[in-house]
Every structure is written in C-alpha cells, then in structure tokens.
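The values are calculated or read from the model by the stated rules, or taken from the named source; none is laboratory data. These figures come from a predicted structure and were not determined experimentally. With ideal geometry, Cβ positions are generated from the backbone for all residues, glycine too; neighbour counts draw on all protein chains shown.
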Amino acid sequence: MLGKPSALFIYAIAFMIFLYGPVMLMPVFSLNDSTFATFPLKGFTTRHYASMLANTSMILSLKNSLVVGVIVSVTATAIGLPAAIALTRYRLPGGGPVLSAMMLPLVIPSIVIAVALLVIVLRFLHMNLSLWTVGAGHILLCIPFSMTVLMSRLEGFDKSLEEASRDLGENAWMTFVRVTLPLAAPGVISSLLLCFIISFDEFVVAFFLTGTENTLPVYLFSQLRFPNKLPGTLALGSAILLGSAILVVAADLLRKLGVQSAKPGDL
Amino acid sequence: MKRIQFIDRMAQGKMSRRQMLSQAGAFGVGLLSLPKLSAAAEVLTCMEWGGYDVAEYFQSYVDKHGAAPNFSIFSGEEDALAKVRAGFAADVMHPCNYSVGRFVSAKLAVEIDTSKLSNWKDIFPALQTADGVLVDGKVMMAPADWGNSSIAYRTDLVDDDFKKNESWGIFFDDKYAGKVSMLDNELLILIGAMVGGMPYDEAYKLTGAALTEAAKTWGEKGVKNSRFLWTDASELQQAMASGEVVAAYAWNDVVKNLTREGIPVTYAKPKEGYFTWFCGLTLLNTGKADPALAYDFIDAWLSPETGKTLIEGSGYGHANIKSFEAANPDDVKAMGILDPVEHMKSAILFKTPTDAVQNEQNKVWGELKALKQ
Amino acid sequence: MTSPKPRRQWPDWLAGYALLSPALLVMAATLAAPVIALFVLSFWSQTGFDIDRSFTLANYWKLIEPSSEPMVWMGIPFPFAYPVAAILMLKSLVMSLVATVVVIAMAYPMAYFLAFRVTRHKALWIILLTIPFWTSYLLRVFAWKIVLGYNGAINTGLKSLGIIEAPLEFLLYNPIAVMITLAHAWIAFTVLPIYVSLEKIDRSLLEAATDLGDSRWQRFWRVTLPLSAPGTIAAALLVFIPTVGDYVTPTLVGGPGGTMIGTLMQELFLRQDNAPLGAALAIVMMAIIAGIVALFLWAVGYSKMRERSR
C-alpha cells in the first residue's frame with residue numbers, strides 16, 4: 001500500500017465517501033442558521049445544539065438506546081457463539097432445520113413479530129412493558145445476523161487445532177478460551193457491531209414493546225410531527241457521529257499504548 | 001454495573017458454579033421484580049404524541065401532584081390503538097377526532113364526566129358537540145388542540161389564476177403535476193369528489209361503487225400529480241422551503257414556520273371550503289391509576305395557560321376560547337385567525353364515518369397507492 | 001463451561017445441543033409463540049373489531065382467487081380478484097433483488113480490500129465502516145434527501161458549476177432513489193460477513209496458486225471467489241430477505257408509487273383491521289421467500305460449497 005495507490009485503495013476511499021458523504025451533511029446543517037436543511041447555507045449558529053441539550057427526553061432516549069444496544073449485542077453474541085460452534089463443529093442430527101429456524105426472524109415482517117410479542121407479553125406472561133421487553137425482542141432479531149457472521153468465520157478452521165489443544169490436556173473450557181475464542185475474534189467483533197447497530201436503529205419492535213421509556217428511534221419518529229425540532233435531531237446525529245469517532249480513535253490509541261505484542265488471530 | 005462484573009468474572013472462570021447459580025438467580029429475580037415496582041406506584045400513564053410530553057402542556061397537573069405522569073409516546077394513532085388493544089395499561093390517550101370512534105368501537109374508551117372538568121365551560125361550543133367529541137351522544141373526548149387543513153402555497157411560484165380562484169382543484173390540475181403534495185390519506189379522494197361538486201357532508205361517507213368511481217376519477221390523478229404523499233410535516237416543510245413543492249395540503253404550523261423563515265407562503269381559503277381537525281384527551285378503561293388523576297390531567301390540558309403555550313409555540317389552535325385572549329395577538333394573527341368563534345363556524349369540521357365505511361375507504365386508498373404505476 | 005472431565009465422554013450430538021440450548025431457549029421463548037399465533041390467526045376471520053375463531057381458508061383463497069378480468073400492471077396481467085397482493089409481492093421481490101445485487105457488488109471489493117490490503121488498523125477500518133450507522137436510520141434517509149433533493153447537494157453543486165440550469169427532479173422519489181438509499185442502509189450488513197469469510201482464507205493457498213503460475217485474476221477466480229462464496233451468499237440473503245418486507249425506505253424516498261408488500265401488511269394489521277388476512281399474507285410471503293432462497297441455494301450448490309470451504 002506504500003508507493004502508488006492501488007485501484008482498490010481508490011475504490012475504498014470512494015466507498016467511504018459514499019458512506020460518509022450524506023451523513024456528513026448532518027453536522028453541516030446542524031450548524032446552519034435555519035430550520036430547513038436546504039442549500040444555500042444561511043449562516044453559522046450553535047443554537048440547535050443548545051436546543052438539543054435542553055431536550056431532556058431526547059437525551060434520555062439516547063441513553064436508553066445505548067444501554068439496550070450494548071446489552072442486546074453482548075447477549076445475542078454470547079448466545080450465538082456457542083450455537084455457531086455447535087452447528088459448525090459438531091455433527092448434529094437436525095442441524096439443518098435448527099439453522100433454518102434460527103433464520104426465521106429475518107423472514108417475518110417486524111410488524112408481525114412486534115404485535116405478536118406484544119400480545120404474548122401482556123396477555124400471557126402478564127409482564128409490564130419496559131426496556132427489558134424491547135431488549136428481548138431485539139435479541140431475537142439479532143440472532144440470525146450474529147449466527148451468520150460467526151458461522152462464516154468458524155467454518156474455515158479445521159478441528160485439528162482444537163483437538164491438539166485437548167490432546168495437550170486442556171479441558172473443553174480452556175480450549176474454548178485459548179483456541180476457539182481467539183480464532184473467532186473477528187467474527188465476534190463483527191457480530192457485536194452488527195447487533196448493536198440493529199438494536200440501536202430498530203423502530204417497530206421497540207415501539208410496540210416499550211412501556212413509558214423510549215428508545216431513540218421511537219422518539220425521533222414521534223418528533224417528525226414537529227418540523228421545528230428537526231435541526232435539534234440533526235445536532236444529535238452529529239454529536240453521536242463525533243462522539244463515536246472520538247471513542248474509536250481513543251480506543252485505537254489506547255490499544256497501541258497497551259499491549260504491543262500481537263498474538264496470532266488478533267485483529 | 002453488577003451485570004458486567006458478573007459476566008466478567010464468569011469469563012475469567014473465577015466463579016464457582018454455586019456462586020454463579022446464586023448470582024444468576026438474583027439477576028433473574030431482579031428482572032422479574034423490576035416491572036412490579038413501577039406498577040405499585042400507580043402513576044398516571046398517558047399515551048401521547050411525542051413532543052407533547054412536556055410539562056408546559058399540563059403545568060397545573062405538575063403543580064398539584066408534584067410530578068409529570070408517565071408517557072408512552074407514539075407517532076400514529078393506529079399504532080397506539082393496536083398497543084392498547086393488545087393490553088397495554090394506559091389511562092389517557094390523545095387521539096384526534098377521526099380516530100375516537102375506533103377507540104369506542106374497540107370498547108376501550110369511557111365516557112367523560114364533564115362536570116369534573118373546571119375548564120369545560122370555556123370550550124368552543126362548536127367543539128363541545130362536534131362529531132368525535134360526542135359519540136352516540138356521550139362525551140368520549142375532551143377537545144384540546146385543533147388546527148386547520150387547507151392549501152398552503154408559495155405566492156411566488158403559483159399562477160395568478162389560482163390566487164384569484166383558490167381551489168382544491170390544484171391537486172388534480174396537470175399544470176401542477178409533480179409540484180403539489182397531498183397528505184398520505186384517503187381524504188384526497190373525498191376532496192376530489194368535493195371539487196366535482198359534492199358537499200363534504202356527503203363526501204365523507206362515500207362508499208361502494210361511488211367511492212370506487214371517485215377513486216378512479218380523482219384519486220388516481222391526485223396520487224399521480226403529487227410529488228410525494230407526505231406523512232410527516234418536516235418532510236413537507238423542507239420541500240416547500242426549497243420550492244420543490246409549490247402547493248400542499250398543510251396544517252397551520254407549516255405556514256407559520258415557513259413565514260417565520262421569510263419564505264413567501266400563504267394559506268388558502270379554497271372555494272370548496274377548508275377543514276378543521278381537532279384532537280383531545282380520551283379516558284381509557286385499561287388504566288390502573290386513580291381516575292381523579294386522569295381528570296386532573298385532562299383539565300390541565302384544557303386550561304387557557306396550555307392554550308397560550310400551544311398557540312404561541314406551535315401555531316395550532318386550542319379548544320378553550322380564553323386561550324385566544326391570553327395568547328400574543330400577533331401569534332393568533334399569524335395563524336390566519338381574526339375571530340376565533342367566527343373562524344370555527346366557517347370551517348368544515350371533519351366528520352367520522354362508521355367503522356365499516358372508514359375501513360373501506362382505507363382499503364381503497366391503500367390499493368390506489370399500491371397500484372400506482 | 002463443562003467441568004474438567006475426560007474428553008469425549010459426551011456424544012457429539014449431545015454436546016452440540018448443549019451448546020445450542022441457550023439459543024434454542026431464546027428462540028422458543030420469543031419466536032415460537034409469534035409464529036404459532038400468526039399461523040393460527042391466518043385461519044380465522046375478522047368481523048369488525050372481533051375475531052371469528054372458526055376455521056376458514058378464506059384468507060388464503062382471497063389471495064389467490066382468480067378473476068376473469070386480469071388487472072394489467074406495468075404491462076403484466078394479474079388474473080386475480082385481489083390483485084394488489086400479487087402485484088406488490090412481485091414489485092417487492094424485484095426491488096429487493098436489484099438492491100441486493102447492487103449492495104453485494106459494492107460491498108465485495110471493500111471487504112476484499114479490508115481482508116487483503118489493510119495490514120494495520122484493521123479494527124479501526126471496520127469500526128469506521130459502522131459509525132455512520134450509529135446515527136438513526138431516519139436521519140440517514142433524511143441526509144439522502146438533502147443529497148438528492150431539489151435544492152440538495154447534487155443539484156446545487158451542478159448548478160454552481162453551470163452544468164444545469166434548473167434542478168434535476170428525477171433524482172428523488174423514484175425507484176433509483178430507493179435503490180441508493182437501500183444500498184447505503186444495508187452495506188455494513190454485507191461488508192462485515194464477506195470480510196469475515198475472506199479473512200479466514202488460508203493465505204498459503206493463495207501463495208500456492210501464485211507459485212503454480214496463476215495471474216492475479218486467475219487466482220481470484222479459482223481460489224478467492226469460490227472460497228468466499230458461502231459468506232457472500234449468506235450476506236446476500238441477509239439483505240434480500242428482510243428488504244422484501246421493508247416499507248420504511250420506499251415510503252420515505254420512493255414517492256407516491258413507493259408502496260411495497262410490507263406497507264400492505266402494516267395496513268392490514270393496523271388501519272384496515274384485518275389481521276387474519278395480514279397473517280395469511282405474511283405466511284404466503286414467508287413461504288415464497290423461503291422457496292426462492294431454497295431454489296437459489298440449490299442452484300448454486302451451496303451445501304457442497306460449504307463442505308469445500310471447511
């Protein structure tokens with residue numbers, strides 16, 4: 001990658017522009033002195049950020065979404081990993097049908113899942129709606145994605161590494177921690193990220209399964225009735241972008257300051 | 001935090017199995033007892049439009065009870081209705097006139113005892129007896145916020161012909177094809193029928209062959225000519241600000257907001273008439289809180305103080321006549337209202353057809369959009 | 001989590017199912033009930049606000065009931081009494097198929113770049129890919145409207161360059177806008193699985209191919225592509241399957257003709273008060289998607305492919 005940039009590198013940059021281009025308009029218009037996000041730009045203002053900070057219910061819904069997203073991504077991956085190991089590592093009678101069943105949430109329209117789960121939670125389980133019920137619904141939606149990513153990672157490796165570990169006297173748990181988990185690491189990270197995105201962005205199931213606490217998408221959808229609130233939400237979107245970018249760069253720097261030795265299988 | 005420690009220790013294998021079981025058990029119990037705690041407090045639960053869950057709309061309730069009620073916010077009444085029908089325990093809901101009937105038919109709404117509402121006497125008489133406030137002669141909704149539906153248009157971008165002769169016909173005029181925007185609602189068909197000469201009192205209950213005919217003659221054309229069928233006011237406001245759409249079905253707030261930004265927009269008084277919609281508070285029988293709390297909340301919404309906030313803040317009207325005296329006269333004028341009582345009389349109040357007709361109209365509208373080529 | 005015991009005490013299938021049990025438990029708790037409810041509901045019927053619980057096939061019949069006067073849509077005749085369902089089904093399938101092809105074609109080179117060309121800061125690149133998706137979907141769709149809109153970025157840019165005089169109106173509210181927005185929305189969901197399947201390819205195989213005199217393209221066709229095919233196909237399905245039932249994107253950027261099958265289902269469940277018909281439609285849609293997916297996997301020889309990549 002040193003020397004003259006390859007065609008692929010140029011493509012990657014173009015790809016990133018496609019990905020970030022539209023999104024970067026959010027910070028632009030969040031600083032624009034107008035209620036409307038249209039060109040030409042009117043002038044610089046930070047008032048939309050002030051209105052964002054004053055909007056406590058929006059900030060609260062952001063917090064709720066973050067908490068639910070993290071719990072969902074960790075739980076779904078924790079459930080998905082052993083299942084993916086089972087389906088790729090063991091000769092299972094009925095493995096095919098089990099896998100198909102796990103992919104089912106993809107096919108069912110979310111409105112159907114949402115309404116059905118709602119009735120079940122309220123009428124049969126007699127539970128109250130809360131962020132917990134939203135989380136449960138999201139875990140269900142995440143499992144197919146988590147499984148796909150993890151299985152395509154695990155399918156590549158032969159069993160001999162794990163067998164060697166066991167032959168060396170490690171028990172199953174230590175084999176998992178020392179061999180399987182590092183091998184699965186890229187898949188695990190992808191699964192965590194995908195599940196977080198899905199939960200953080202999901203509207204239909206979240207709307208039906210939440211009680212009086214809102215997630216961010218539920219809140220944003222309800223705000224559409226009020227055009228004047230739009231710049232405030234753009235400000236929030238920009239703040240999220242900036243916050244996550246800082247987080248990522250900081251984490252990368254920390255990692256470099258920390259462990260220098262790269263283990264095989266590490267990212 | 002505890003949960004993370006738990007997972008962390010489990011991952012490190014530092015936890016004995018017994019420890020783990022007891023921890024997991026505690027976690028499970030915590031999970032189960034969590035909802036019960038909130039139920040025990042019996043706080044009022046309201047189903048509310050997002051954005052209306054702010055204390056300034058029900059200040060007297062907060063003053064009296066020291067805290068705001070719990071809110072479950074929604075963005076469409078159908079969604080909210082489905083949620084309550086499934087068993088969600090809400091005490092109060094904020095529907096609009098056209099959907100109250102559905103809450104009544106679903107046996108979820110309870111009659112409101114207006115003698116318990118101190119502000120009821122100041123409600124516009126036309127609203128006190130409007131279709132939707134009264135269902136089968138019983139008060140099923142306390143009207144709170146109202147607004148108009150008419151054509152908002154860019155004075156710099158439409159022809160003088162239209163300005164001299166404002167008409168809903170603009171939605172079916174090929175000259176404006178791709179430059180108008182209608183609300184995503186079956187009302188388009190009814191408006192078409194009105195352009196064709198049918199009075200609203202007949203058009204609102206169109207059904208059967210006449211409905212299909214109107215959908216074919218007017219609906220198809222209207223859908224084709226619309227740049228998009230809008231579902232949220234933000235979308236519409238953006239399009240009008242940029243000039244992409246020059247005329248649209250719009251509520252008062254759009255005109256107010258665009259004018260404030262210096263965009264030349266005016267609100268038409270079409271010859272076929274303009275509409276008034278209204279929303280309000282409905283008591284639900286699914287709630288768990290003391291009904292007295294619900295009455296306090298509804299009464300707070302009907303107060304002139306709330307009306308003042310609503311008029312000045314959003315550009316919508318309020319059901320309490322006194323609100324218009326309390327509000328800043330400039331804001332009232334910006335809504336295009338000179339005399340509120342007179343204004344209320346001259347507009348067409350939306351009516352609700354029977355459930356069967358409503359469903360049929362929904363279906364025809366859904367299919368009309370689906371089959372657009 | 002098993003305690004230290006001599007290995008191979010558990011038979012393979014038992015150990016496998018033990019590992020599967022948490023996932024199966026979650027699925028049983030959250031998925032089984034909705035599916036059963038949906039299935040049962042589709043054999044009932046709706047009268048007003050009440051549901052008639054006597055068994056009927058009427059909902060399914062309504063979806064396929066023939067009519068002597070076919071409805072012509074886009075030049076294709078639909079000989080049904082209730083043609084909306086069939087028309088929207090076809091339209092949705094075509095739209096998501098095209099979107100899937102576009103997404104995969106765009107995502108694959110990026111995943112390839114990540115797997116083979118990025119040597120440092122790999123995690124950073126991957127997370128950078130997902131950051132735009134941490135802002136709400138609604139805001140991203142909105143951002144696209146700013147790009148494609150009447151006074152949007154493209155039109156303003158072209159105008160100031162003097163290339164056009166009046167804004168181009170065909171950018172927004174049509175199927176192409178839907179494609180672009182869908183592609184943008186789903187791209188992270190495809191890059192990551194494809195990357196994961198490329199990443200695990202044994203580098204020695206590639207070296208062997210080079211040693212045997214393969215050019216870069218030959219090596220790609222003969223080694224990389226076949227070995228990454230299972231992951232790529234899985235990624236394609238992750239996009240195709242859910243977009244068939246998607247309705248938010250078409251509604252927001254597709255203009256008046258943006259209705260898809262998901263919209264109809266939403267309306268049947270909520271606005272038209274006909275949940276049983278909606279349930280029957282959902283089941284038929286699931287069956288059709290499952291059929292297409294199975295046919296596709298069979299046609300490309302997916303199970304053999306998976307064996308080979310093991």
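Within the range B:278-313, restricting attention to residues that are within 13 Å of chain A (Cβ to nearest Cβ) and under 20 Å from the mean Cα position of the chain (by Cα), the residue that is farthest from B:Gln237 (Cα to Cα) is B:Cys279. Give all pairs with beta carbons closer than 8 Å in which a residue from the range C:210-239 that is of a type in the set (Lys, Arg) meets a residue that is surrounded by fewer than 16 Cβ atoms within 10 Å (Cβ to Cβ); count only pairs at least 6 apart in sequence or on separate chains. Close Cβ pairs (under 8 Å, with a partner that is surrounded by fewer than 16 Cβ atoms within 10 Å (Cβ to Cβ)) amount to C:Arg219/C:Thr210. Within the range B:321-346, the set of residues being of a type in the set (Val, Ile, Thr) and over 21 Å from B:Ala152 (Cα atoms) comprises B:Ile321, B:Val341.
Looking at C:Ala99, C:Ala115, C:Ala111, C:Ala107, which is the one that is in the same structural domain as C:Trp186 (by TED's automatic domain parsing) and touching an Asp or Glu at 6+ places or on another chain (Cβ under 7 Å)? Don't jump to the end; show me each part of the working.
Details: C:Ala99 fails: touching an Asp or Glu at 6+ places or on another chain (Cβ under 7 Å); C:Ala111 fails: touching an Asp or Glu at 6+ places or on another chain (Cβ under 7 Å); C:Ala107 fails: touching an Asp or Glu at 6+ places or on another chain (Cβ under 7 Å).
C:Ala115 is the lone residue from the list that is in the same structural domain as C:Trp186 (by TED's automatic domain parsing) and touching an Asp or Glu at 6+ places or on another chain (Cβ under 7 Å).
Select from the range B:131-163 the residues that are in contact with a Pro (Cβ under 9 Å, 6 or more places away or on another chain), among the β-branched types (Val, Ile, Thr) and more than 25 Å from B:Cys96 (Cα to Cα) and list them in ascending order. Matches in the range B:131-163: B:Thr155 only.
Here the condition is being over 19 Å from C:Leu268 (Cα atoms), touching a strand residue (DSSP E or B) at 6+ places or on another chain (Cβ under 6 Å) and not β-branched (Val, Ile, Thr); of C:Pro22, C:Pro79, it holds for C:Pro79 alone. Among the conditions (1) modelled with pLDDT of 90 or more; (2) surrounded by fewer than 18 Cβ atoms within 10 Å (Cβ to Cβ); (3) touching a helix residue (DSSP H, G or I) at 6+ places or on another chain (Cβ under 9 Å); (4) over 30 Å from C:Gly245 (Cβ atoms), the only one that A:Ile13 does not satisfy is (3). Just one of (1) under 29 Å from C:Leu158 (Cα atoms); (2) surrounded by 12 or more Cβ atoms within 10 Å (Cβ to Cβ); (3) more than 22 Å from the chain's Cα centre (by Cα) fails for A:Pro40. It is (2).
Please specify each residue of the range B:229-274 satisfying the condition of being part of a helix (DSSP H, G or I) and more than 22 Å from the chain's Cα centre (by Cα). The answer is B:Ala241, B:Ser242, B:Thr259, B:Arg260. Annotation for the range B:208-230: at least one member residue is among the hydroxyl-bearing types (Ser, Thr, Tyr), under 28 Å from C:Gly254 (Cα atoms) and surrounded by fewer than 22 Cβ atoms within 10 Å (Cβ to Cβ). When C:Thr119 is tested against (1) surrounded by fewer than 20 Cβ atoms within 10 Å (Cβ to Cβ); (2) within 12 Å of chain B (Cβ to nearest Cβ); (3) among the polar types (S, T, N, Q), only condition (2) is not met.
Filtering the range C:82-94 to residues that are among the aliphatic types (A, V, I, L, M) and within 12 Å of chain B (Cβ to nearest Cβ) leaves C:Val84, C:Ala85, C:Ala86, C:Ile87, C:Leu88, C:Met89, C:Leu90.
Scanning the range B:149-171 for residues that are assigned to a loop (DSSP other than H, G, I, E, B) and of a type in the set (Ser, Thr, Tyr) turns up at least one hit. Only residues that are surrounded by 13 or more Cβ atoms within 10 Å (Cβ to Cβ) and either within 21 Å of B:Ser314 (Cα to Cα) or not charged (D, E, K, R) (or both) were counted across the range B:342-353, and they come to 8.
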